[in-house]
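Working notes for the structure below.
No value in this document is a laboratory result; all are computed from the given coordinates. Everything numeric in this text was worked out from a predicted model, so none of it was measured. Because the Cβ atoms are built from the backbone with ideal geometry, glycine has one as well, and the counts that use them run over all protein chains shown.
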Amino acid sequence: MQITLMKSKIHRVKVTQAELNYVGSITIDEDLMDAVGIIENEQVHVVNNNNGERLVTYAIKGARGTGIICLNGAAARKAQVGDVVIIIAYGSMSQEESKSFQPQVVFPDDANRIVH
């Protein structure tokens, strides 16, 4: 049997942009994506701490070191610039694999940069 577990989480980043007139997705600083193993076009869930909205979309790379978190297309209606969101990706694995699996999680600072 396969089960679904959290594999990646970017915990509490601030939305820096919302672009309604775009095809869709969420743009994420590539440094943040690399830090948690999210790849371009991977499905992600976005949870808005400010208003309780939840959405499913896909990740696209944003410029490294910029801290960009931009909701695009219809997702732009789910958050405002400055809202705090959590970005989560999930993976499927066997129950046996899950026993030793450790998700990758980062806790960025107020500028959406990785704290070491």
Discussion item. Being touching a Gly at 6+ places or on another chain (Cβ under 9 Å) and basic (Lys, Arg) narrows it down to one residue among Arg113, Arg77; which is it?
Written reply: Arg113
Practice prompt. Residue by residue through the range 1-16, note down the ones that are more than 16 Å from Arg113 (Cα to Cα), within 14 Å of the chain's Cα centre (by Cα) and surrounded by fewer than 18 Cβ atoms within 10 Å (Cβ to Cβ).
Written response: Met6
Worksheet entry | Residue pairs meeting the criteria (Cβ under 9 Å; at least 6 apart or on separate chains; first free of Cβ contacts under 8 Å to residues at least 24 places away in the same chain and over 15 Å from Ile38 (Cβ atoms), in the range 83-109; second of a type in the set (Lys, Arg) and surrounded by 14 or more Cβ atoms within 10 Å (Cβ to Cβ)) | none
Practice prompt. Could you name every one of the strands (runs of 3 or more DSSP E) located completely within the range 9-116 that has at least 2 residues being of a type in the set (A, V, I, L, M)?
Written response: 25-29, 43-48, 54-62, 69-72, 84-94, 104-106
Fill in: Condition met for Val56 (of a type outside the set (Gly, Ala, Ser), within 20 Å of Gly91 (Cβ to Cβ) and in contact (Cβ under 8 Å) with a residue 40 or more places away in the chain)
no
Worksheet item: Here are some conditions: (1) of a type in the set (Gly, Ala, Ser); (2) free of Cβ contacts under 8 Å to residues at least 24 places away in the same chain; (3) surrounded by 13 or more Cβ atoms within 10 Å (Cβ to Cβ). Ala76 meets all but one. Which one does it not meet?
Response: (2)
Fill in: Condition met for Ala75 (closer than 19 Å to Arg113 by Cβ and among the small types (Gly, Ala, Ser))
no
